[in-house]
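Take a look at the structure set out below.
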Ligand SMILES: NC(=O)c1ccc[n+]([C@@H]2O[C@H](COP(=O)([O-])OP(=O)(O)OC[C@H]3O[C@@H](n4cnc5c(N)ncnc54)[C@H](OP(=O)(O)O)[C@@H]3O)[C@@H](O)[C@H]2O)c1
């Protein structure tokens, strides 16, 4: 048996509760993982909010896209992208229903955890990191580009900004004032979002920027991207689905008209984990919560200014 977080209705974090669940024995191509840390993503609260429908037959819903933990059982042919998986392996897994003390999942999305990456970082890096890698690919960021990153101190934005700097781009990043020092440490030129953003960007890049990466999705972010980038194929958002359809720029992820980037996101661990392991990528951890306090964790993330990843510890 395991303890798991479920949403028993559609709504806010108050619909979350803990239940005891069976952990099935792993079948062919599956592994069972004792979870040491589970990453929290904004999708997790949107998932049961009703934003994707309110079909009562789908309840209860089990949130959680990513975990890090120790393999406790393997089925036949349990082979992940990095090779065969054995009992005792420390792993990172992209899953569904990750808010749990243990789970059984397909080996197809289970990769080795580098020994020098701690459980919290391991549980938090792949969802936001895969999205960041996809954003850079979609906008074709390379050496000599000037790139505007909206939300550059957010979990996705901070990784996209650091990866863009590593690719030789000049990065202008929006963030609240308290986060500007951190952005400078990444080699990013910070600007405050809010009224006058277009002028502040123009002051730093009078001839416009080559590409824009939007992790915020406000009309302000979209309008400044459209005003600053001449080629709309080099603007990508992970939030502004409606504006992307209306204004002809790229939108990435699972929404309508979006590019899911399944292959590039699925392979992003190959780039991200060595960088994290070598200390060349900073994944800020804002706060940890016990698994039993998932509702409080979601309330914290919903504020939109967590300042880093939020991790649940079983
Ligand atoms: N489509 C996809 O594939 C996909 C994948 C992952 C995430 N997402 C979505 O992307 C968004 C960001 O995710 P995340 O994990 O990076 O969230 P996060 O860590 O909470 O970061 C949110 C960021 O937004 C900034 N922000 C908040 N209000 C703002 C405003 N009014 N104007 C400009 N910036 C503002 C914050 O800046 P300060 O902290 O500096 O105030 C922070 O940098 C979420 O909506 C998430 O659901 C989509």
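Since every read-out is calculated from the coordinates, none of them should be taken as a lab result. In this text, all values refer to a predicted model and were calculated from it rather than measured experimentally. Every residue, glycine among them, receives a Cβ derived from its backbone with ideal geometry; neighbour counts consider all protein chains shown.
Can you give the relative contact order of the stretch 240-314 as a percent, counting alpha carbon pairs under 8 Å and 6+ residues apart? Let's see the in-between values first.
On the way: 68 pairs, mean separation 16.2, N = 75.
This gives 22 percent for the stretch 240-314.
Evaluated at 4 °C with a viscosity of 1.567 mPa s, what Stokes-Einstein diffusion coefficient in µm²/s does the stretch 101-159 have when Rh comes from the Kirkwood expression over alpha-carbon pairs?
Working: Rh = 13.8 Å.
The Stokes-Einstein estimate is 94 µm²/s.
Between 113, 287, 58, where does the largest GNM mean-square fluctuation fall for the chain, given springs only between Cα atoms within less than 10 Å?
Among 113, 287, 58, the largest mean-square fluctuation in the Gaussian network model of the chain belongs to 58.
Mind sorting 30, 293, 192, 14 by how few other Cβ atoms lie within 10 Å of their own Cβ, fewest first?
Values: 30 21, 293 18, 192 14, 14 11.
Exposure proxy ranking, most exposed first: 14, 192, 293, 30.
Taking a quarter of the surface of the convex hull around the Cα atoms of the stretch 60-202, what do you get in nm²?
Projected over every direction and averaged, the Cα hull of the stretch 60-202 covers 11.4 nm².
Tell me, 305, 134, 180 in order of fewest to most beta-carbon neighbours within 10 Å?
On the way: 305 13, 134 24, 180 18.
Least crowded to most crowded, the residues run 305, 180, 134.
Classify the stretch 128-262 from the C-alpha gyration tensor, please: rounded if a/c falls under 1.5, else prolate or oblate depending on whether a/b exceeds b/c. Don't skip to the answer; put the middle values down first.
Working: a/c = 1.44, a/b = 1.22, b/c = 1.18.
Rounded shape, in that the Cα axes give a/c under 1.5.
From the P(r) of the chain, could you give the percentage of C-alpha pairs in the tail past 30 Å?
Percentage above 30 Å: 33.
Which order do 309, 120 fall in if you start with the one that has the fewest other Cβ atoms within 10 Å?
Details: 309 25, 120 21.
The most exposed by this proxy come first: 120, 309.
Is the shape of the stretch 185-229 rounded, prolate or oblate, going by the alpha carbon gyration tensor and its root eigenvalues a ≥ b ≥ c, with a/c under 1.5 for rounded and a/b larger than b/c for prolate? Intermediate results must be reported in sequence, preceding the final value.
Values: a/c = 1.31, a/b = 1.14, b/c = 1.15.
The shape class here is rounded.
Of 190, 56, 81, which has the largest mean-square fluctuation in a 10 Å C-alpha GNM of the chain?
Maximum fluctuation in the GNM of the chain, among the listed residues, is at 56.
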